[in-house]
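The values are calculated or read from the model by the stated rules, or taken from the named source; none is laboratory data. All values reported here derive from a predicted model rather than from experimental measurement. Glycine also receives a Cβ, built like all others from the backbone with ideal geometry; neighbour counts cover every protein chain displayed.
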Amino acid sequence: MAPATPGPGDQGTAGSAGGGQGQGQTPPATPDIPAGIAKLATDGKTVEIPVQLKGAPSANLDFLVAGEDGRPQPIAQERLTGPSVTLTAPKGYAKGPVWACAWFDEAGDGPDPKDKNTCAPAALKFDGTDKLVFDMEHPLPPPADSPMATAPKPEPPPGTPGGAAPGAGGGGGGAPGGAPVPATPPG
């Protein structure tokens with residue numbers, strides 16, 4: 001999915017609370033994915049989610065649900081800059097379990113299965129008790145009940161043994177080992 005051209009308001013800071021907290025910056029939105037988890041709060045009720053980032057100077061944070069095909073589907077994205085950020089999120093979000101995964105594009109070349117990534121150990125509750133810690137040097141495996149762990153494996157690339165012929169469609173989904181493939185390039 002190609003990134004959308006950011007318009008006014010597509011770049012901004014994530015909600016913050018308390019003095020001294022770092023600011024997050026939302027990445028440009030892709031056509032189907034809102035930039036910023038706070039935009040999912042359609043009734044105006046929100047909670048704050050403190051986020052700590054270790055082992056990387058910044059990261060892209062994807063909020064994921066299981067798509068109809070069982071693969072991870074991003075519903076919102078945030079850009080984390082600095083070691084501590086507080087995000088504003090919808091209170092009581094109930095459109096299926098939502099997992100959070102962070103990835104760091106060290107090479108600056110966009111999403112790649114080689115990027116450092118890790119996921120929160122459980123689905124978010126959106127009740128004010130969520131606290132996220134992403135340690136890029138000591139990544140956690142995807143939660144066993146998440147779409148990152150249970151998604152169908154991608155098909156081999158075209159032209160490789162077992163791969164589809166060019167133009168035959170197919171594949172995509174997760175990186176080797178069930179790690180999520182980032183949804184958008186860093187903004």
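How many residues, within segment 36-46, are among the aliphatic types (A, V, I, L, M) and within 21 Å of GLY82 (Cβ to Cβ)? Working first, answer last.
Looking only at segment 36-46, we keep the residues that are among the aliphatic types (A, V, I, L, M), and these are 37-38, 40-41.
Then drop every residue that is not within 21 Å of GLY82 (Cβ to Cβ), which leaves 37-38.
Of the residues in segment 36-46, 2 are among the aliphatic types (A, V, I, L, M) and within 21 Å of GLY82 (Cβ to Cβ).
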Per the filter on segment 66-94, residues within 18 Å of LYS125 (Cα to Cα) and free of Cβ contacts under 8 Å to residues at least 40 places away in the same chain are ALA94
Checking the structure you have, find out if any residue of segment 122-142 is more than 17 Å from ALA35 (Cβ to Cβ) and among the β-branched types (Val, Ile, Thr). yes
Candidates GLY67, GLY19 - the one that is at pLDDT 90 or above and either surrounded by fewer than 19 Cβ atoms within 10 Å (Cβ to Cβ) or more than 19 Å from MET136 (Cα to Cα) (or both): GLY67
Looking at segment 99-118, can you tell me whether even one residue there is assigned to a loop (DSSP other than H, G, I, E, B), in contact with a Cys (Cβ under 7 Å, 6 or more places away or on another chain), of a type outside the set (Val, Ile, Thr) and at pLDDT 50 or above? no
If we ask which residues in segment 38-64 are hydrophobic (A, V, I, L, M, F, W, C) and closer than 19 Å to HIS138 by Cβ, their number turns out to be 5
Within segment 123-140, is even one residue surrounded by 14 or more Cβ atoms within 10 Å (Cβ to Cβ), of a type in the set (Gly, Ala, Ser), touching a Cys at 6+ places or on another chain (Cβ under 8 Å) and not in a strand (DSSP E or B)? no
When both residues are 6+ apart or on different chains and their Cβ atoms are under 7 Å apart, which pairs have a first residue that lies in segment 53-65 and is in contact (Cβ under 8 Å) with a residue 40 or more places away in the chain and part of a strand (DSSP E or B), and a second that is surrounded by fewer than 21 Cβ atoms within 10 Å (Cβ to Cβ) and of a type in the set (Ser, Thr, Tyr)? SER58/THR81
Counting only residues that are under 14 Å from the mean Cα position of the chain (by Cα) and among the hydroxyl-bearing types (Ser, Thr, Tyr), how many does segment 44-89 have? 1
